[in-house]
Amino acid sequence: MILIIDDDASVNASLALLLKQAGYRPQCAGSPAEALALIEREPFDLVLQDMNFSRRTTGEEGLELLRAIKARRPGLPVILITAWGSIELAVRGVKAGGFDFITKPWSNEHLLQAVRTALSLTDGARASARDAEWTREGLDERYDFPNLIGDDPRLLRVLEVAGRVSATDASVLITGESGTGKELVAEAIHRNSPRRQAPFIKVNLGGLSSTLFESEMFGHVRGAFTDARQDRKGRFEVAHRGTIFLDEIGDLDPHSQVKMLRVLQDRTYEPLGSSLSRAVDVRVISATNRPLPEMVARGEFREDLLYRLNLIALHLPPLRERPGDLPRLAQHFLRMVGAVYRREEIAISREALAWLQGLPWPGNIRQLKQVIERTVLTTPGDRLEVGDFAAPLERPAEARGPYDLPAIGRMTLDEMEKAMIVKSLQFYAGNISRVAEALGLSRAALYRRLEKYGIKP
């Protein structure tokens, strides 16, 4: 049963009809007092709550009501409804415990999608609470995770949530260091979702300049600019009815963040050069290795966009924190590489595996794969030993040079990033490809940082 709370009788009636036609049982309340009385008596599964009531238009009454609902029923999901101009109020509501927010005028399809997602995740959370002991075998019975190797408890927790949310349309934000497998998790969510037959579109926002953002993401019409000789579909249109993966979302500039927020909120956009809005049905998964909450605090990333992206947040642990998974990963990559280079008989010794487990792996799983492939290519024998890996991984101290960074607290994050890029350029003698690989960046993302910091390679 779903409780609708709004002091506008026409809104209550409209939402009740929509939910009833969708197969739900709605009940309406016209005031906070009436709503709280109903919540005390009825076992509601979800609340749709307006944030503004007639006595006050600042939204404070809506926040008070939300806090009162969460105090009485902490596990009851509440979807907030507010005007587009009150997005800041909606964000405050999410901080106070709101599950999601919808803006007026709403899209019926988008609102029903949010309702289905909230109910599905709530039911899934209850099921997980009943069966808190996750095993790799149990996950593999329920979900298709062929490329996500390992059984570390931290990884299993991530996979359990990923599998549970895959059946919904919830937006997912995947965080973690470069090379931890964020794209693989995004692909797994899509592969286990009802959208699996539709496109999975990957976009590297770190390599997309602000001048190309609109055309690339939303497309353009003929004549929109000098070289626009024909209409072009944007990434959102190509991903229609499927999933769009927004990689390096933390690199999005402020102007593009506003446009991204609008399409994520309304599921509509205008192609460059057109005044006609187009609707899009798409599931959004994003990823970053940057600390978005810290960027919000510094004013570099919009708080409302962050809350729109991370309805579900997944954090992937670095490889150094799950060393028990390294042997399985190494054997997996060895089989892959052996098949590609027709060296299926090649093996790796126990001593080499134990030695690899003790390394810090700053490039994480991506670096391990590269090391395995390089060692297979450079080793003539059929058995890989410690010495086969140690030679390319270890450099003499005199070759490294004085590349230590100042102590923590002496530099800002931007200063540290700039210093690391400069020292990497020195270390690799200006080789952009080597620097990008070492820092876990694409070449385009590295060039953007060079421009940002005024560094000439």
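The values are calculated or read from the model by the stated rules, or taken from the named source; none is laboratory data. Please read these numbers as outputs of a predicted model, since none were measured by experiment. All Cβ positions, even for glycine, are placed from backbone atoms using ideal geometry, and neighbour counts span all protein chains on display.
Highlighted here are the helices (runs of 4 or more DSSP H) found entirely within the stretch 257-360 that include at least 2 residues which are farther than 25 Å from G234 by Cα and more than 14 Å from the chain's Cα centre (by Cα): 292-297, 326-340, 350-357. I want to confirm something. Restricting to the stretch 380-431 and keeping residues that are small (G, A, S) and outside any loop (DSSP other than H, G, I, E, B), which single residue is modelled with the lowest pLDDT? Applying the filter and picking the extreme gives A397. Go through R229, R241 for me and flag whichever is assigned by TED's automatic domain parsing to the domain that holds L311, farther than 15 Å from D281 by Cβ and more than 17 Å from the chain's Cα centre (by Cα). Going through R229, R241 in turn, the sole match is R229.
Look at (1) modelled with pLDDT of 90 or more; (2) loosely packed, with under 15 Cβ neighbours inside 10 Å and you find that V78 fails only one, number (2).
If I filter the stretch 135-146 for residues that are touching a residue at least 60 places away in the same chain (Cβ under 8 Å) and either assigned by TED's automatic domain parsing to the domain that holds R328 or under 20 Å from the mean Cα position of the chain (by Cα) (or both), do I get at least one hit? No, that holds for no residue. Among the numbered conditions (1) over 22 Å from E187 (Cα atoms); (2) surrounded by fewer than 16 Cβ atoms within 10 Å (Cβ to Cβ), the only one that F301 does not meet is (2).
When the test is whether a residue is farther than 12 Å from P271 by Cα and free of Cβ contacts under 8 Å to residues at least 12 places away in the same chain, T226 passes it. When residues in the stretch 33-60 are screened for being part of a helix (DSSP H, G or I) and modelled with pLDDT under 85, 1 of them pass. Just so you know, in the stretch 148-172 the residues that are assigned to a loop (DSSP other than H, G, I, E, B) and within 12 Å of the chain's Cα centre (by Cα) include one that is nearest to R116 (Cα to Cα), and it is A170.
Test E137 against the stated conditions and say whether it is in a helix (DSSP H, G or I) and either at negative phi or modelled with pLDDT of 90 or more (or both). Judged against the criteria, E137 is a match. Q331 meets the conditions (1) at pLDDT 90 or above; (2) assigned by TED's automatic domain parsing to the domain that holds A444 in every case but one. The failed one is (2).
Residues checked against (1) outside the structural domain of L36 (by TED's automatic domain parsing); (2) under 16 Å from S14 (Cα atoms); (3) assigned to a helix (DSSP H, G or I):
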| site | (1), (2), (3) |
| --- | --- |
| A71 | no, no, yes |
| P74 | no, no, no |
| L89 | no, no, yes |
| V94 | no, no, yes |
| G97 | no, no, no |
| T103 | no, yes, no |
| W106 | no, yes, no |
| H110 | no, yes, yes |
| S120 | no, no, yes |
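Looking across the stretch 1-59, not a single residue is small (G, A, S), under 15 Å from G93 (Cβ atoms) and in contact (Cβ under 8 Å) with a residue 60 or more places away in the chain. Here V91 clears all of (1) closer than 17 Å to L19 by Cβ; (2) in contact with a Phe, Trp or Tyr (Cβ under 6 Å, 6 or more places away or on another chain); (3) β-branched (V, I, T) except the condition numbered (1).
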